[in-house]
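Participant: The following block contains the structure, expressed as C-alpha coordinates.
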Amino acid sequence: MKILRRGSTGSLVSMAQLALKRSGFYSGRLDGIFGTATESAVRYYQYSNRLAVDGVIGDSTWRPLEKYIKGYFRYTLKKGDTYWLLANKYGTTVDAIKRANPDLNANFLKIGQVINIPYGYPVVPTEIPYSYELAALVAEGLRVRYPFIGYSEIGKSVMGKSIFCLTMGKGSKSLSYNGAHHANEWITTPVLLKFAEDYAEAYSAGGSIYCESAEKLYNETKLYLIPLVNPDGTDLVTGAVDGGEFYSRAVNISEEYPNIRFPDGWKANIAGTDLNLNYPAMWEKAKELKYQRGFVSPAPRDFVGEAPLSAPESRAMYDFTLSHDFKLIIAMHTQGEIIYWKYLDFDPPRAFEIGEKMSENSGYPLTVTPEYSSYAGYKDWFIQEYNLPGYTVEAGTGVSPLPLSQFEKIYRDNLGILAAGLSEV
Ligand SMILES: [Zn+2]
(Lines give C-alpha, C1' and ligand atoms only; values in the text may rest on other atoms or scores of the structure.)
Protein backbone atom coordinates (compact mmCIF):
# COMPACT_ATOMS: atom_id res chain seq x y z
CA MET A 1 0.00 0.00 0.00
CA LYS A 2 1.13 3.55 -0.53
CA ILE A 3 2.50 5.39 2.47
CA LEU A 4 -0.12 7.18 4.56
CA ARG A 5 0.69 10.02 6.90
CA ARG A 6 -0.86 13.09 8.46
CA GLY A 7 -2.64 15.01 5.69
CA SER A 8 -3.35 11.90 3.60
CA THR A 9 -6.99 11.43 2.58
CA GLY A 10 -9.18 8.96 0.75
CA SER A 11 -10.38 5.38 0.83
CA LEU A 12 -7.00 3.93 1.83
CA VAL A 13 -7.03 6.13 4.93
CA SER A 14 -10.56 4.92 5.77
CA MET A 15 -9.34 1.35 5.37
CA ALA A 16 -6.38 2.00 7.71
CA GLN A 17 -8.71 3.65 10.23
CA LEU A 18 -10.96 0.60 10.12
CA ALA A 19 -7.97 -1.70 10.69
CA LEU A 20 -6.84 0.42 13.65
CA LYS A 21 -10.36 0.44 15.02
CA ARG A 22 -10.69 -3.33 14.75
CA SER A 23 -7.31 -3.75 16.44
CA GLY A 24 -8.59 -1.66 19.34
CA PHE A 25 -6.27 1.30 18.88
CA TYR A 26 -8.67 3.83 17.35
CA SER A 27 -12.16 4.91 18.25
CA GLY A 28 -12.56 7.94 15.99
CA ARG A 29 -14.48 8.39 12.75
CA LEU A 30 -13.80 6.36 9.62
CA ASP A 31 -13.72 9.58 7.63
CA GLY A 32 -10.73 9.00 5.37
CA ILE A 33 -8.88 11.98 6.83
CA PHE A 34 -5.51 11.25 8.42
CA GLY A 35 -5.55 13.87 11.19
CA THR A 36 -4.15 14.04 14.69
CA ALA A 37 -6.50 11.36 16.10
CA THR A 38 -5.46 8.87 13.41
CA GLU A 39 -1.82 9.77 13.89
CA SER A 40 -1.95 9.18 17.66
CA ALA A 41 -3.68 5.83 17.03
CA VAL A 42 -0.87 4.85 14.66
CA ARG A 43 1.78 5.85 17.20
CA TYR A 44 0.00 3.95 19.96
CA TYR A 45 -0.28 0.89 17.70
CA GLN A 46 3.40 1.11 16.72
CA TYR A 47 4.52 1.52 20.32
CA SER A 48 2.41 -1.43 21.49
CA ASN A 49 3.68 -3.63 18.67
CA ARG A 50 7.34 -2.69 19.09
CA LEU A 51 7.53 -0.92 15.76
CA ALA A 52 9.43 2.28 15.09
CA VAL A 53 7.11 5.02 16.38
CA ASP A 54 6.75 7.64 13.63
CA GLY A 55 2.98 7.97 13.21
CA VAL A 56 3.32 7.02 9.54
CA ILE A 57 1.74 3.96 7.93
CA GLY A 58 4.44 2.45 5.74
CA ASP A 59 4.96 -1.20 4.88
CA SER A 60 6.18 -2.30 8.30
CA THR A 61 3.14 -0.83 10.04
CA TRP A 62 0.59 -1.86 7.40
CA ARG A 63 1.74 -5.49 7.19
CA PRO A 64 0.59 -6.40 10.72
CA LEU A 65 -2.56 -4.23 10.38
CA GLU A 66 -3.69 -5.80 7.12
CA LYS A 67 -5.04 -8.91 8.85
CA TYR A 68 -7.86 -6.88 10.38
CA ILE A 69 -9.10 -6.17 6.87
CA LYS A 70 -8.63 -9.71 5.62
CA GLY A 71 -10.54 -10.81 8.72
CA TYR A 72 -8.24 -13.59 9.84
CA PHE A 73 -4.78 -14.10 11.27
CA ARG A 74 -2.18 -16.85 11.27
CA TYR A 75 -1.64 -18.50 14.62
CA THR A 76 1.06 -20.91 15.76
CA LEU A 77 -0.41 -23.69 17.91
CA LYS A 78 0.88 -24.01 21.44
CA LYS A 79 0.65 -26.79 23.96
CA GLY A 80 -2.92 -27.34 25.14
CA ASP A 81 -4.59 -25.39 22.30
CA THR A 82 -7.88 -26.71 21.01
CA TYR A 83 -10.24 -25.16 18.46
CA TRP A 84 -12.75 -24.69 21.26
CA LEU A 85 -10.33 -22.75 23.46
CA LEU A 86 -9.08 -20.68 20.54
CA ALA A 87 -12.63 -19.90 19.38
CA ASN A 88 -13.48 -18.62 22.84
CA LYS A 89 -10.28 -16.66 23.15
CA TYR A 90 -10.64 -14.89 19.80
CA GLY A 91 -14.41 -14.45 19.65
CA THR A 92 -15.08 -16.86 16.82
CA THR A 93 -16.58 -20.35 16.49
CA VAL A 94 -15.15 -23.85 16.22
CA ASP A 95 -16.97 -24.26 12.89
CA ALA A 96 -15.42 -21.09 11.49
CA ILE A 97 -11.92 -22.27 12.47
CA LYS A 98 -12.54 -25.73 11.01
CA ARG A 99 -13.74 -24.24 7.74
CA ALA A 100 -10.71 -21.97 7.48
CA ASN A 101 -8.34 -24.94 7.92
CA PRO A 102 -9.82 -27.58 5.63
CA ASP A 103 -6.66 -29.70 5.54
CA LEU A 104 -6.28 -30.04 9.30
CA ASN A 105 -7.91 -32.51 11.62
CA ALA A 106 -9.05 -30.84 14.86
CA ASN A 107 -8.27 -34.06 16.77
CA PHE A 108 -4.68 -34.26 15.63
CA LEU A 109 -3.29 -30.77 16.10
CA LYS A 110 0.45 -30.45 16.41
CA ILE A 111 2.34 -27.89 18.45
CA GLY A 112 4.05 -25.45 16.11
CA GLN A 113 1.51 -25.92 13.33
CA VAL A 114 0.29 -22.63 11.84
CA ILE A 115 -3.46 -22.27 11.40
CA ASN A 116 -5.91 -19.61 10.17
CA ILE A 117 -8.14 -18.04 12.78
CA PRO A 118 -11.02 -15.89 11.49
CA TYR A 119 -12.07 -12.91 13.59
CA GLY A 120 -15.62 -12.74 14.86
CA TYR A 121 -16.79 -9.97 12.50
CA PRO A 122 -17.93 -10.32 8.87
CA VAL A 123 -15.17 -9.89 6.28
CA VAL A 124 -16.92 -7.43 3.98
CA PRO A 125 -16.91 -3.87 5.33
CA THR A 126 -19.93 -1.82 4.33
CA GLU A 127 -19.11 1.38 6.21
CA ILE A 128 -16.07 2.59 4.26
CA PRO A 129 -15.53 3.48 0.59
CA TYR A 130 -13.90 0.90 -1.65
CA SER A 131 -10.54 0.81 -3.35
CA TYR A 132 -8.99 -1.95 -5.42
CA GLU A 133 -6.77 -2.75 -2.45
CA LEU A 134 -9.69 -3.16 -0.09
CA ALA A 135 -11.62 -5.33 -2.56
CA ALA A 136 -8.59 -7.56 -3.12
CA LEU A 137 -7.95 -8.03 0.63
CA VAL A 138 -11.62 -8.78 1.23
CA ALA A 139 -11.60 -11.33 -1.61
CA GLU A 140 -8.61 -13.04 -0.02
CA GLY A 141 -10.31 -13.01 3.38
CA LEU A 142 -13.46 -14.55 1.93
CA ARG A 143 -11.50 -17.36 0.32
CA VAL A 144 -9.74 -18.22 3.59
CA ARG A 145 -13.02 -18.31 5.53
CA TYR A 146 -14.85 -20.18 2.78
CA PRO A 147 -12.26 -22.26 0.92
CA PHE A 148 -14.90 -23.49 -1.54
CA ILE A 149 -14.96 -20.02 -3.13
CA GLY A 150 -12.94 -20.11 -6.34
CA TYR A 151 -10.78 -17.26 -7.58
CA SER A 152 -9.46 -16.28 -10.97
CA GLU A 153 -8.17 -13.22 -12.74
CA ILE A 154 -10.07 -12.38 -15.92
CA GLY A 155 -7.77 -9.58 -17.05
CA LYS A 156 -5.97 -6.43 -16.00
CA SER A 157 -6.97 -2.78 -15.88
CA VAL A 158 -5.18 0.08 -17.63
CA MET A 159 -2.92 0.44 -14.57
CA GLY A 160 -2.35 -3.31 -14.35
CA LYS A 161 -4.68 -4.11 -11.46
CA SER A 162 -6.30 -7.49 -11.41
CA ILE A 163 -9.92 -7.76 -12.52
CA PHE A 164 -10.84 -10.73 -10.40
CA CYS A 165 -13.66 -13.21 -10.35
CA LEU A 166 -15.03 -15.20 -7.40
CA THR A 167 -16.88 -18.43 -8.19
CA MET A 168 -19.39 -20.29 -6.06
CA GLY A 169 -21.41 -23.39 -6.75
CA LYS A 170 -21.04 -26.75 -8.41
CA GLY A 171 -24.13 -26.80 -10.57
CA SER A 172 -24.45 -27.02 -14.31
CA LYS A 173 -26.18 -23.66 -14.83
CA SER A 174 -23.63 -20.85 -14.97
CA LEU A 175 -24.48 -17.22 -14.41
CA SER A 176 -22.49 -14.06 -13.82
CA TYR A 177 -22.93 -10.84 -11.85
CA ASN A 178 -20.66 -7.83 -12.18
CA GLY A 179 -20.30 -4.48 -10.44
CA ALA A 180 -18.59 -1.13 -10.89
CA HIS A 181 -18.29 -0.89 -14.65
CA HIS A 182 -18.76 2.77 -13.77
CA ALA A 183 -16.20 4.22 -11.37
CA ASN A 184 -18.51 6.39 -9.30
CA GLU A 185 -20.93 3.47 -8.92
CA TRP A 186 -18.44 1.54 -6.76
CA ILE A 187 -21.05 0.97 -4.04
CA THR A 188 -22.10 -2.02 -6.19
CA THR A 189 -18.75 -3.66 -5.30
CA PRO A 190 -19.56 -4.15 -1.59
CA VAL A 191 -23.10 -5.18 -2.60
CA LEU A 192 -21.68 -8.13 -4.58
CA LEU A 193 -18.98 -8.94 -2.03
CA LYS A 194 -21.48 -8.96 0.81
CA PHE A 195 -23.74 -11.14 -1.28
CA ALA A 196 -20.84 -13.57 -1.71
CA GLU A 197 -20.24 -13.60 2.04
CA ASP A 198 -23.90 -14.09 2.95
CA TYR A 199 -24.31 -16.81 0.34
CA ALA A 200 -21.13 -18.61 1.47
CA GLU A 201 -22.13 -18.38 5.13
CA ALA A 202 -25.64 -19.66 4.39
CA TYR A 203 -24.23 -22.51 2.37
CA SER A 204 -21.76 -23.47 5.14
CA ALA A 205 -24.38 -23.26 7.86
CA GLY A 206 -27.12 -25.07 5.97
CA GLY A 207 -29.15 -21.88 5.85
CA SER A 208 -31.05 -20.03 3.18
CA ILE A 209 -30.62 -16.91 1.14
CA TYR A 210 -33.79 -14.95 0.45
CA CYS A 211 -35.91 -17.96 1.41
CA GLU A 212 -34.07 -20.30 -0.95
CA SER A 213 -31.95 -23.13 0.40
CA ALA A 214 -28.36 -22.04 -0.18
CA GLU A 215 -27.33 -25.66 -0.63
CA LYS A 216 -29.89 -26.18 -3.36
CA LEU A 217 -28.76 -23.04 -5.19
CA TYR A 218 -25.12 -24.05 -4.73
CA ASN A 219 -25.71 -27.54 -6.13
CA GLU A 220 -27.71 -26.35 -9.13
CA THR A 221 -25.79 -23.27 -10.25
CA LYS A 222 -22.32 -21.88 -10.66
CA LEU A 223 -22.06 -18.18 -9.95
CA TYR A 224 -19.21 -16.03 -11.32
CA LEU A 225 -18.90 -12.70 -9.52
CA ILE A 226 -16.80 -9.85 -10.89
CA PRO A 227 -17.33 -7.25 -8.18
CA LEU A 228 -14.94 -4.60 -9.50
CA VAL A 229 -14.76 -4.27 -13.29
CA ASN A 230 -13.19 -0.80 -13.15
CA PRO A 231 -10.60 -0.80 -10.36
CA ASP A 232 -8.56 2.21 -11.53
CA GLY A 233 -11.62 4.41 -11.99
CA THR A 234 -12.89 3.42 -8.56
CA ASP A 235 -9.52 4.27 -7.00
CA LEU A 236 -9.65 7.64 -8.73
CA VAL A 237 -13.13 8.43 -7.39
CA THR A 238 -12.43 7.32 -3.82
CA GLY A 239 -9.01 8.96 -3.63
CA ALA A 240 -6.89 5.80 -3.53
CA VAL A 241 -5.12 7.13 -6.64
CA ASP A 242 -4.34 10.81 -6.19
CA GLY A 243 -1.01 11.25 -7.89
CA GLY A 244 1.17 9.93 -10.67
CA GLU A 245 0.98 9.83 -14.43
CA PHE A 246 -2.50 8.31 -14.83
CA TYR A 247 -3.93 10.64 -12.23
CA SER A 248 -2.45 13.72 -13.94
CA ARG A 249 -3.91 12.66 -17.27
CA ALA A 250 -7.33 12.19 -15.68
CA VAL A 251 -7.06 15.67 -14.17
CA ASN A 252 -6.22 17.08 -17.61
CA ILE A 253 -9.22 15.32 -19.14
CA SER A 254 -11.51 16.54 -16.39
CA GLU A 255 -10.43 20.14 -16.95
CA GLU A 256 -12.10 20.00 -20.36
CA TYR A 257 -15.37 19.15 -18.61
CA PRO A 258 -15.80 21.81 -15.93
CA ASN A 259 -19.45 20.85 -15.48
CA ILE A 260 -18.58 17.34 -14.38
CA ARG A 261 -17.40 17.23 -10.78
CA PHE A 262 -13.97 15.72 -10.27
CA PRO A 263 -13.40 13.06 -9.22
CA ASP A 264 -16.99 12.36 -8.08
CA GLY A 265 -18.45 12.60 -11.57
CA TRP A 266 -15.96 10.17 -13.09
CA LYS A 267 -17.62 7.06 -14.57
CA ALA A 268 -15.02 6.02 -17.15
CA ASN A 269 -11.89 3.92 -16.78
CA ILE A 270 -8.87 5.97 -15.80
CA ALA A 271 -8.00 6.62 -19.45
CA GLY A 272 -11.39 8.21 -20.10
CA THR A 273 -13.32 5.42 -21.85
CA ASP A 274 -16.83 4.74 -20.58
CA LEU A 275 -16.65 0.97 -20.25
CA ASN A 276 -20.36 0.44 -20.54
CA LEU A 277 -20.31 2.09 -23.98
CA ASN A 278 -17.42 0.04 -25.26
CA TYR A 279 -19.10 -3.25 -26.20
CA PRO A 280 -19.87 -4.32 -29.76
CA ALA A 281 -23.65 -3.88 -29.65
CA MET A 282 -24.60 -1.09 -32.05
CA TRP A 283 -21.46 0.69 -30.90
CA GLU A 284 -21.55 3.02 -33.93
CA LYS A 285 -25.00 4.16 -32.89
CA ALA A 286 -23.81 4.84 -29.34
CA LYS A 287 -20.87 6.77 -30.81
CA GLU A 288 -23.18 8.90 -32.94
CA LEU A 289 -25.42 9.75 -29.98
CA LYS A 290 -22.54 10.61 -27.65
CA TYR A 291 -20.59 12.53 -30.29
CA GLN A 292 -23.65 14.71 -30.82
CA ARG A 293 -23.40 15.66 -27.14
CA GLY A 294 -19.74 16.54 -27.47
CA PHE A 295 -18.10 13.41 -26.05
CA VAL A 296 -15.64 12.90 -28.89
CA SER A 297 -12.44 12.16 -26.96
CA PRO A 298 -11.49 10.65 -23.57
CA ALA A 299 -13.86 12.08 -20.96
CA PRO A 300 -15.02 11.48 -17.38
CA ARG A 301 -18.06 9.73 -18.88
CA ASP A 302 -19.82 9.01 -22.17
CA PHE A 303 -16.78 8.61 -24.41
CA VAL A 304 -17.35 5.31 -26.25
CA GLY A 305 -13.64 4.62 -26.84
CA GLU A 306 -11.60 4.50 -30.06
CA ALA A 307 -13.27 1.25 -31.09
CA PRO A 308 -15.43 -1.47 -29.54
CA LEU A 309 -13.43 -3.25 -26.81
CA SER A 310 -10.59 -0.72 -27.00
CA ALA A 311 -10.43 -0.65 -23.18
CA PRO A 312 -8.67 -3.58 -21.46
CA GLU A 313 -11.45 -3.84 -18.86
CA SER A 314 -14.31 -4.30 -21.36
CA ARG A 315 -12.11 -6.58 -23.46
CA ALA A 316 -11.50 -8.75 -20.38
CA MET A 317 -15.24 -8.96 -19.67
CA TYR A 318 -15.96 -9.81 -23.30
CA ASP A 319 -13.33 -12.58 -23.55
CA PHE A 320 -14.33 -13.95 -20.16
CA THR A 321 -18.01 -14.07 -21.14
CA LEU A 322 -17.29 -15.72 -24.48
CA SER A 323 -15.25 -18.43 -22.80
CA HIS A 324 -18.14 -19.39 -20.48
CA ASP A 325 -21.66 -20.54 -20.95
CA PHE A 326 -23.66 -18.04 -18.90
CA LYS A 327 -27.41 -18.49 -18.92
CA LEU A 328 -28.03 -15.15 -17.25
CA ILE A 329 -26.08 -12.02 -16.33
CA ILE A 330 -26.69 -9.06 -14.06
CA ALA A 331 -24.70 -5.83 -14.35
CA MET A 332 -24.96 -3.70 -11.22
CA HIS A 333 -25.03 0.08 -11.59
CA THR A 334 -26.39 3.09 -9.71
CA GLN A 335 -28.82 4.81 -9.59
CA GLY A 336 -32.59 4.96 -10.19
CA GLU A 337 -34.10 1.89 -8.48
CA ILE A 338 -35.02 0.30 -11.79
CA ILE A 339 -34.16 -2.84 -13.75
CA TYR A 340 -33.39 -2.61 -17.47
CA TRP A 341 -34.04 -5.87 -19.22
CA LYS A 342 -34.44 -5.07 -22.94
CA TYR A 343 -32.09 -4.64 -25.82
CA LEU A 344 -33.64 -3.54 -29.12
CA ASP A 345 -36.39 -6.02 -30.05
CA PHE A 346 -34.69 -9.05 -28.57
CA ASP A 347 -37.04 -10.99 -26.38
CA PRO A 348 -34.96 -13.74 -24.72
CA PRO A 349 -37.00 -16.66 -23.42
CA ARG A 350 -38.07 -16.14 -19.79
CA ALA A 351 -36.27 -12.77 -19.59
CA PHE A 352 -39.46 -10.89 -18.78
CA GLU A 353 -40.70 -13.53 -16.35
CA ILE A 354 -37.41 -13.62 -14.41
CA GLY A 355 -37.24 -9.83 -14.52
CA GLU A 356 -40.72 -9.64 -13.01
CA LYS A 357 -39.62 -11.87 -10.16
CA MET A 358 -36.60 -9.58 -9.55
CA SER A 359 -38.93 -6.62 -9.64
CA GLU A 360 -41.31 -8.22 -7.18
CA ASN A 361 -38.43 -9.02 -4.79
CA SER A 362 -36.92 -5.54 -4.89
CA GLY A 363 -39.71 -3.11 -5.62
CA TYR A 364 -37.64 -1.91 -8.60
CA PRO A 365 -39.82 -1.65 -11.73
CA LEU A 366 -38.81 -3.37 -14.97
CA THR A 367 -38.05 -0.62 -17.45
CA VAL A 368 -37.11 -0.22 -21.09
CA THR A 369 -33.77 1.55 -21.54
CA PRO A 370 -34.03 5.13 -22.81
CA GLU A 371 -32.72 5.68 -26.36
CA TYR A 372 -29.74 7.75 -25.18
CA SER A 373 -28.24 4.85 -23.24
CA SER A 374 -29.58 1.94 -25.27
CA TYR A 375 -26.42 0.78 -27.00
CA ALA A 376 -22.95 -0.65 -26.49
CA GLY A 377 -23.44 -1.71 -22.87
CA TYR A 378 -22.39 -5.07 -21.46
CA LYS A 379 -25.98 -6.23 -20.96
CA ASP A 380 -26.84 -5.08 -24.51
CA TRP A 381 -24.02 -7.07 -25.98
CA PHE A 382 -24.85 -10.15 -23.89
CA ILE A 383 -28.49 -10.17 -25.04
CA GLN A 384 -27.47 -9.56 -28.67
CA GLU A 385 -24.86 -12.33 -28.58
CA TYR A 386 -26.86 -15.04 -26.78
CA ASN A 387 -30.53 -14.03 -26.72
CA LEU A 388 -30.54 -14.93 -23.02
CA PRO A 389 -31.70 -12.95 -19.97
CA GLY A 390 -29.43 -10.01 -19.15
CA TYR A 391 -30.19 -7.21 -16.72
CA THR A 392 -28.80 -3.84 -15.82
CA VAL A 393 -29.84 -2.99 -12.28
CA GLU A 394 -29.73 0.66 -11.27
CA ALA A 395 -29.50 0.47 -7.48
CA GLY A 396 -30.35 3.26 -5.06
CA THR A 397 -31.42 6.84 -5.64
CA GLY A 398 -29.67 10.20 -5.67
CA VAL A 399 -26.46 11.31 -7.27
CA SER A 400 -23.57 8.85 -7.75
CA PRO A 401 -21.37 8.15 -5.91
CA LEU A 402 -24.21 7.22 -3.57
CA PRO A 403 -23.42 7.68 0.12
CA LEU A 404 -22.76 4.59 2.21
CA SER A 405 -25.67 5.60 4.40
CA GLN A 406 -27.79 4.03 1.63
CA PHE A 407 -25.92 0.78 1.69
CA GLU A 408 -28.25 -1.15 3.96
CA LYS A 409 -31.34 -0.30 1.95
CA ILE A 410 -29.59 -0.93 -1.34
CA TYR A 411 -28.41 -4.31 -0.14
CA ARG A 412 -31.80 -5.29 1.22
CA ASP A 413 -33.50 -4.35 -2.06
CA ASN A 414 -30.95 -6.02 -4.28
CA LEU A 415 -30.59 -9.23 -2.30
CA GLY A 416 -33.91 -10.35 -3.81
CA ILE A 417 -32.65 -9.57 -7.32
CA LEU A 418 -29.38 -11.45 -6.87
CA ALA A 419 -31.16 -14.39 -5.26
CA ALA A 420 -33.76 -14.48 -8.04
CA GLY A 421 -30.99 -14.80 -10.63
CA LEU A 422 -29.75 -17.92 -8.84
CA SER A 423 -33.14 -19.50 -8.29
CA GLU A 424 -34.64 -18.69 -11.70
CA VAL A 425 -31.74 -19.24 -14.06
ZN1 LIG B 1 -23.64 2.89 -14.60
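Participant: Quickly run through the range 386-403 and pick out the residues that are surrounded by fewer than 18 Cβ atoms within 10 Å (Cβ to Cβ) and either within 24 Å of residue 130 (Cβ to Cβ) or within 16 Å of the ligand (Cβ to nearest atom) (or both).
Facilitator: 397, 398, 399, 403 - these are the residues of the range 386-403 that are surrounded by fewer than 18 Cβ atoms within 10 Å (Cβ to Cβ) and either within 24 Å of residue 130 (Cβ to Cβ) or within 16 Å of the ligand (Cβ to nearest atom) (or both).
Participant: From the list 87, 37, which one is free of Cβ contacts under 8 Å to residues at least 12 places away in the same chain and touching a Ser or Thr at 6+ places or on another chain (Cβ under 8 Å)?
Facilitator: 87
Participant: Could you tell me which of the residues 152, 131 is small (Gly, Ala, Ser), within 14 Å of the chain's Cα centre (by Cα) and either over 23 Å from residue 410 (Cβ atoms) or modelled with pLDDT of 95 or more (or both)?
Facilitator: Of 152, 131, the one residue that is small (Gly, Ala, Ser), within 14 Å of the chain's Cα centre (by Cα) and either over 23 Å from residue 410 (Cβ atoms) or modelled with pLDDT of 95 or more (or both) is 131.
Participant: For residue 192, only one of the following conditions fails: (1) within 16 Å of the ligand (Cβ to nearest atom); (2) under 21 Å from residue 323 (Cβ atoms); (3) of a type outside the set (S, T, N, Q); (4) touching a helix residue (DSSP H, G or I) at 6+ places or on another chain (Cβ under 7 Å). What is its number?
Facilitator: Condition not satisfied by residue 192: (4).
Participant: Counting only residues that are among the charged types (D, E, K, R) and part of a loop (DSSP other than H, G, I, E, B), which one in the range 251-277 is nearest to the ligand (Cβ to nearest atom)?
Facilitator: Here the residue is 267.
Participant: Further question on the same structure: Taking only pairs six or more apart or across chains, which ones have beta-carbon atoms under 9 Å, a first residue in the range 172-185 that is closer than 13 Å to residue 276 by Cα and within 14 Å of the ligand (Cβ to nearest atom), and a second residue that is in a helix (DSSP H, G or I) and acidic (Asp, Glu)?
Facilitator: Qualifying pairs under 9 Å: 179/185; 181/313; 183/232; 183/235.
Participant: Here is a further query. Kindly check whether there is at least one residue in the range 278-290 that is among the aromatic types (Phe, Trp, Tyr), within 19 Å of residue 179 (Cα to Cα), more than 16 Å from the ligand (Cβ to nearest atom) and under 22 Å from the mean Cα position of the chain (by Cα).
Facilitator: Looking for residues that are among the aromatic types (Phe, Trp, Tyr), within 19 Å of residue 179 (Cα to Cα), more than 16 Å from the ligand (Cβ to nearest atom) and under 22 Å from the mean Cα position of the chain (by Cα), one finds none in the range 278-290, hence no.
Participant: Could you check residue 223 against (1) under 22 Å from residue 297 (Cβ atoms); (2) outside any loop (DSSP other than H, G, I, E, B); (3) touching a residue at least 24 places away in the same chain (Cβ under 8 Å) and say which number it fails?
Facilitator: Evaluating residue 223 over (1) under 22 Å from residue 297 (Cβ atoms); (2) outside any loop (DSSP other than H, G, I, E, B); (3) touching a residue at least 24 places away in the same chain (Cβ under 8 Å) leaves (1) as the failure.
Participant: Could you say which residue among 226, 209 is within 30 Å of residue 271 (Cβ to Cβ) and either buried (at least 19 other Cβ atoms within 10 Å of the Cβ) or of a type in the set (A, V, I, L, M) (or both)?
Facilitator: Of the residues listed, the single one that is within 30 Å of residue 271 (Cβ to Cβ) and either buried (at least 19 other Cβ atoms within 10 Å of the Cβ) or of a type in the set (A, V, I, L, M) (or both) is 226.
Participant: When the residues of the range 303-340 are filtered to those that are surrounded by fewer than 21 Cβ atoms within 10 Å (Cβ to Cβ) and within 16 Å of the ligand (Cβ to nearest atom), which remaining residue is nearest to the chain's Cα centre (by Cα)?
Facilitator: Looking at the filtered set, the residue picked out is 335.
Participant: Pull up the range 116-148, narrow it to residues that are among the aliphatic types (A, V, I, L, M) and in a loop (DSSP other than H, G, I, E, B), then point me to the one that is farthest from residue 202 (Cα to Cα).
Facilitator: The qualifying residue farthest from residue 202 (Cα to Cα) is 128.
Participant: Quick one: would you say residue 61 is in a loop (DSSP other than H, G, I, E, B) and crowded, with 18+ Cβ neighbours inside 10 Å?
Facilitator: No, not satisfied.
Participant: Here's another thing I want to ask about it. Collect the residues in the range 32-56 that are in a loop (DSSP other than H, G, I, E, B) and in contact with a strand residue (DSSP E or B) (Cβ under 9 Å, 6 or more places away or on another chain), keeping them in residue-number order.
Facilitator: Selection gives 32, 34, 56.
Participant: Quick one: which residue in 388, 344, 309 is over 23 Å from residue 184 (Cβ atoms), touching a Lys or Arg at 6+ places or on another chain (Cβ under 9 Å), assigned to a loop (DSSP other than H, G, I, E, B) and in contact (Cβ under 8 Å) with a residue 24 or more places away in the chain?
Facilitator: Going through 388, 344, 309 in turn, just one is over 23 Å from residue 184 (Cβ atoms), touching a Lys or Arg at 6+ places or on another chain (Cβ under 9 Å), assigned to a loop (DSSP other than H, G, I, E, B) and in contact (Cβ under 8 Å) with a residue 24 or more places away in the chain: 388.
Participant: Turning to a different aspect of this structure: Which of the residues belonging to the range 365-385 are hydroxyl-bearing (Ser, Thr, Tyr), surrounded by fewer than 24 Cβ atoms within 10 Å (Cβ to Cβ) and part of a loop (DSSP other than H, G, I, E, B)?
Facilitator: Selection gives 369, 374.
Participant: For the condition modelled with pLDDT under 95 and within 23 Å of the chain's Cα centre (by Cα), what is the one hit in 15, 1?
Facilitator: The conditions single out 1.
Participant: Of the residues 355, 421, only one is more than 16 Å from the ligand (Cβ to nearest atom), free of Cβ contacts under 8 Å to residues at least 60 places away in the same chain and part of a helix (DSSP H, G or I); which?
Facilitator: 355
The values are calculated or read from the model by the stated rules, or taken from the named source; none is laboratory data. Just so it is clear, the structure is predicted and the values come from calculations on it, not from any experiment. Ideal geometry is used to build each Cβ from the backbone, glycine not excepted, and the neighbour counts take in all protein chains shown.
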